[in-house]
Structures are given as structure tokens and as C-alpha cells.
């Protein structure tokens, strides 16, 4: 699977300013719902928050992968948010987060969910990839940088 199967330019926001963790999750939910008419932003947001209550999805090094399963979701959907200033996210390394990649998966897609999360985490562990994402100045540049994430080569 390649990242272009998860993302679209309509589900990317670049250089977002002055928001909190809650607002970042709301924005990600809205980006997904605006692009996927069968999904509701409030349902996505509630599920993302519920998942965060189980433990932070902040991986460290300024990256978070908020994720959840949604009953009426028909395929794996991603959204990418690049923040102008990092926010407190209760990440595992206690560092603030400036890159969030939301992942919404069908309720029954347990194995795909875990495999995609593992592949994303592996790629977000690559400093050169993070640098490309952080240096993007427009949604188009961020989208192009994100497409360098080839999930097929992830271990």
C-alpha cells in the first residue's frame, strides 16, 4: 500500500497556527468528513478522543498518529496536519507535536489497522522524511512530501 491510497490533498492542512490537541483532532475529523460524505466529523472526533483516553498516540519526535475505527467507514482514510508551532500532546517522549497523521479505518479491519499503523510509525521514525514534511510551505508541498512515504518498503 502506498500513502496516496490513504491521503488526498483535500485532507491536508499545512502551517496551522494556534491550536490545542483537542482542536487539532477536531480539525483532522473535519478534514476527513468534508472529503468523505458518509462520515460525520463529530463521530470521528469522539472516536479519536476516546482512543486518546486509552493512551496518547504521540509517538515522539514531534509526531502523533491519532487513529480509530469507525463503523460506517469503507476503507482506510488518512489526514495530515502540519502545525506552525508544536503543541503539548502527552507524547511518549514528552516532546510537543507538530505533525499529526490521522488514520480512520473500518471497524472490522483489525489486521489492516495494525499493519498500517506499524508502517506509518516506521516511516515517521525517519529523520529525512520528517524534515521534508516540516519544510513544506503549502498543502501541495506537504502532500508531495507525504507521498514519498512508500508503505510497500516498510518492514
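The values are calculated or read from the model by the stated rules, or taken from the named source; none is laboratory data. Remember, predicted model here, so these are calculated numbers, not experimental data. Using ideal geometry, Cβ is built from the backbone for each residue, glycine included, and neighbour counts are taken over all protein chains shown.
Just one of (1) under 19 Å from residue 86 (Cβ atoms); (2) crowded, with 16+ Cβ neighbours inside 10 Å; (3) touching a helix residue (DSSP H, G or I) at 6+ places or on another chain (Cβ under 9 Å); (4) in contact (Cβ under 8 Å) with a residue 40 or more places away in the chain fails for residue 27. It is (3).
Can you pull out every residue in the range 105-135 that is buried (at least 19 other Cβ atoms within 10 Å of the Cβ) and modelled with pLDDT of 95 or more? 133 - this is the single residue of the range 105-135 that is buried (at least 19 other Cβ atoms within 10 Å of the Cβ) and modelled with pLDDT of 95 or more. Note on the range 88-129: residues that are more than 24 Å from residue 22 (Cβ to Cβ) and either in contact with a helix residue (DSSP H, G or I) (Cβ under 6 Å, 6 or more places away or on another chain) or outside any strand (DSSP E or B) (or both) total 17. Within the range 50-73, being part of a loop (DSSP other than H, G, I, E, B), more than 13 Å from the chain's Cα centre (by Cα) and at positive phi holds for 55, 61. Counting the residues of the range 36-50 that are touching a helix residue (DSSP H, G or I) at 6+ places or on another chain (Cβ under 8 Å), farther than 17 Å from residue 13 by Cβ and without any contact (Cβ under 8 Å) to a residue 24 or more places away in the chain gives 2.
Residues in the range 132-151 that are assigned to a helix (DSSP H, G or I) and farther than 15 Å from residue 14 by Cβ: 151 alone. Every condition in (1) in contact (Cβ under 8 Å) with a residue 40 or more places away in the chain; (2) surrounded by fewer than 22 Cβ atoms within 10 Å (Cβ to Cβ) holds for residue 33 except the one numbered (1).
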